[in-house]
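Below is one structure, written out as structure tokens; comments come after it.
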Amino acid sequence: MAGVRPVFYVSDGTGITAETIGHSLLTQFTETQFVTDRIPFVDSVDRAREVAEKISNAAMAHGVRPVVINSCMDGDVGAALAESGALMLDVFAPFIEPLERELEETRQRRIGQAHGLVDFDTYHRRINAMNYALTHDDGQSIDYNEADLILVAVSRAGKTPTCVYLALHYGVRAANYPLTEEDLEHDRLPPRLRPYRNKLFGLTIDPVRLQQIRQERRPNSRYAQLETCKREVAAAEMMFRAERIPTLSTTNTSIEEISSKVLTTLEIHREMF
């Protein structure tokens, strides 16, 4: 098992582009635990040097070289970031030269143009949906009146990344509710969810896979024991069946597939951005 690797998404804009691409890349590596930090609006060399120092400190704290996924357009800013000694991954670099050749045009290094092809209202809907997902993550807020949907599952079954994906790519206000041990003592919905039955979608997962995920988060804890995972998953699935909540297993299903299934099942029609 590899160690913990710090990853920074750095951008001269909001950082959504870098984070989205970076997340897709990191999910391909399952033996490394990543700790991530999104740093937006790095639009000057001075600011880049401040960020480079933060990245260098992370290298010392973790004893390993950080990874920087960078969408800053200014070359001087990128060079200042590289002073951190991190592995620098420019999200645009692999595509620029082939496009310049094909279009017979040299790119213009303009900060903040990543959103120029997106309708202004659509872009803000996506940002608002993202804020909503973060505010309503893991039951932090339980005012679901404005939610488009609510994902319900035991802890670590894939609720949060799915909500974030739905927000970023569809502008959907997705909340998630973690089923607690108290909730699972009954085969009925928790009272706070009952008024929103038509917004609910259940996620389940193979208990062995759940145990592996929890073991990485809290090694050798009761929370991560296989018996705990089996009991919680069985109770959640019983609840979903009793309440006729649509359900999908996340065990071997990508976030893209989960999101598509949720939107189709709940009849939420939203074009992907």
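The values are calculated or read from the model by the stated rules, or taken from the named source; none is laboratory data. The structure presented is a predicted model; accordingly, all values stated were derived computationally and were not measured. Virtual Cβ from ideal backbone geometry, glycine too; neighbours counted across all protein chains shown. Each accessible area value is taken on the protein alone, full model and side chains, heavy atoms only, with ligands, DNA and RNA left out. Shrake-Rupley method; radii C 1.70, N 1.55, O 1.52, S 1.80 Å.
General observations
- Scanning region 98-115 for residues that are in contact with a strand residue (DSSP E or B) (Cβ under 9 Å, 6 or more places away or on another chain) and either loosely packed, with under 12 Cβ neighbours inside 10 Å or without any contact (Cβ under 8 Å) to a residue 12 or more places away in the chain (or both) turns up nothing.
- Consider region 209-249 and keep the residues that are of a type in the set (S, T, N, Q) and over 28 Å from Tyr196 (Cβ atoms). The one that is surrounded by the most Cβ atoms within 10 Å (Cβ to Cβ) is Gln211.
- Pair list, Cβ under 6 Å, 6 or more apart: region 192-221 residue in contact (Cβ under 8 Å) with a residue 60 or more places away in the chain and closer than 30 Å to Val35 by Cβ, other residue aliphatic (A, V, I, L, M) and assigned to a helix (DSSP H, G or I): Phe201/Val262
- Number of positions in region 28-58 that are under 25 Å from Ile213 (Cα atoms) and of a type in the set (A, V, I, L, M): 2
- Here Thr265 meets each of (1) open to solvent by 40 Å² or more (accessible area, probe 1.4 Å); (2) of a type in the set (Val, Ile, Thr); (3) touching a helix residue (DSSP H, G or I) at 6+ places or on another chain (Cβ under 9 Å) with one exception, condition (3).
- Complete set of residues in region 8-33 that are open to solvent by less than 80 Å² (accessible area, probe 1.4 Å), over 20 Å from Ala167 (Cβ atoms) and under 15 Å from the mean Cα position of the chain (by Cα): Phe8, Gln33
- Apart from one condition, Ile245 fits all of (1) touching a strand residue (DSSP E or B) at 6+ places or on another chain (Cβ under 9 Å); (2) not in a loop (DSSP other than H, G, I, E, B); the exception is (2).
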